[in-house]
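Some notes on the structure that comes next.
The values are calculated or read from the model by the stated rules, or taken from the named source; none is laboratory data. Keep in mind that what you see is a predicted model, and the values were worked out from it rather than measured. Cβ coordinates were reconstructed from backbone atoms using ideal geometry, including for glycine residues, and neighbour counts include every protein chain displayed.
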Amino acid sequence: MNLNQTDHCLRFSCPGRSVSTALYVLSYVSAAAVVLVTVCGNLLIVISVCHFKELHTPTNMLILSLAVSDFLIGVFVIPAALIWMIESCWIFSSTYCFCYVSISYFLTTTSVFNVALIAVDRYFALSNPFMYTNRVSLSSMCIVISLNWFVLLFYKTAFQYFNGSLASLVMCPGDCFLVLDEVWSLVDLLLTFVFPLAVIVILYVLVFFIAKKHATAIRELNSHTRSQTSKNMSDSMKSERKAAKVLGILVSVFLACLLPYFVYILLGSIIEMKVESFQKVLMMVYLNSAINPVIYALFYPWFRKCVKIILTFHIFNTDSALINILS
């Protein structure tokens, strides 16, 4: 969450609220709804994957990691960002501003790398299914996810600490931004956005072509033989293709939310940045955390089943963790 503006503040005073009371109240009601959907939706995903044994798969561990980062964004980032937009002014303290910038900076990057890991996981699952089954275990995936969080936390902390002379927290009246030197800002952008985005796009293009090959293979298999072995292989390939399709939708929505911010930052040295425009593209990145649970609800029957069990309190029944969720 950086701006390549080192010489002056983007805005010098709070413009004040110029909307009607009804619209003002509606804005806060809508903001509360967004926060509620983000927090509760991702919390349901976290509970589902953690509780039900059948969902303890390597791919679902990546979904869990993404849901955790989205949940934390909903708790610590989105409320402050929405209040800032509604009030057209940063109304909190400089200490809270520092915490807000640091947390959002870390969590948004973590979400990007979580999605990149999902793309890598789907690519290897489709391109080398036998090697994937033998090599990728639940424990190895948990280690990868833990390393991802730890390395990014270390990088973000070190980056802000060792660039203390080049980075400063801008607290103009009503604004809260982290301003970095243009060179370091570009380096950080390449490492934390360009690289993982390139991985996501390239791998999902490859996944698309592999899925098409699998579809052709399934048709040929079904037309030539009807044995139990071919049926099992066909079902397995269909399952992998369906998982790739749903996660492809997840990634596509993610890219749609992230690319405006990415383009805006790249053009930051050419065009004059305005606070209102920057807030909107940044909010699109945050709102992706609210959209993800909706995608799961629409395309994952197991998630809908889990939500029903959780909301009806059947999750507290004995051996509820062993319920057959995927059938």
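Observations
- Residue pairs whose Cβ atoms lie under 6 Å apart, separated by 6 or more positions or on different chains, with the first residue in segment 273-293 and closer than 16 Å to ILE86 by Cβ and of a type in the set (S, T, N, Q) and the second surrounded by fewer than 18 Cβ atoms within 10 Å (Cβ to Cβ) and at pLDDT 85 or above, are GLN279/MET85.
- Some residue of segment 294-310 being at pLDDT below 75, outside any helix (DSSP H, G or I) and at negative phi: no
- SER104 vs. criteria assigned to a helix (DSSP H, G or I) and farther than 28 Å from LEU190 by Cα: no
- Taking the criterion of being over 22 Å from the mean Cα position of the chain (by Cα) and of a type in the set (S, T, N, Q), the residues of segment 61-99 that qualify are SER88, SER93, SER94, THR95.
- Residues that are farther than 19 Å from LEU26 by Cα and of a type in the set (S, T, N, Q) within segment 80-97 comprise SER93, SER94, THR95, listed in sequence order.
- PRO58 meets the conditions (1) over 22 Å from PHE150 (Cα atoms); (2) more than 15 Å from the chain's Cα centre (by Cα) in every case but one. The failed one is (1).
- Being part of a helix (DSSP H, G or I) and surrounded by 20 or more Cβ atoms within 10 Å (Cβ to Cβ) holds for only one residue in LEU43, LEU36, LEU82, LEU26, and it is LEU82.
- Residue list for segment 107-152, filter: exposed (fewer than 13 other Cβ atoms within 10 Å of the Cβ) and not in a helix (DSSP H, G or I): SER137
- Scan of segment 311-324 for residues that are surrounded by 11 or more Cβ atoms within 10 Å (Cβ to Cβ) and within 9 Å of LYS53 (Cα to Cα), ordered by number: ALA321, ILE323
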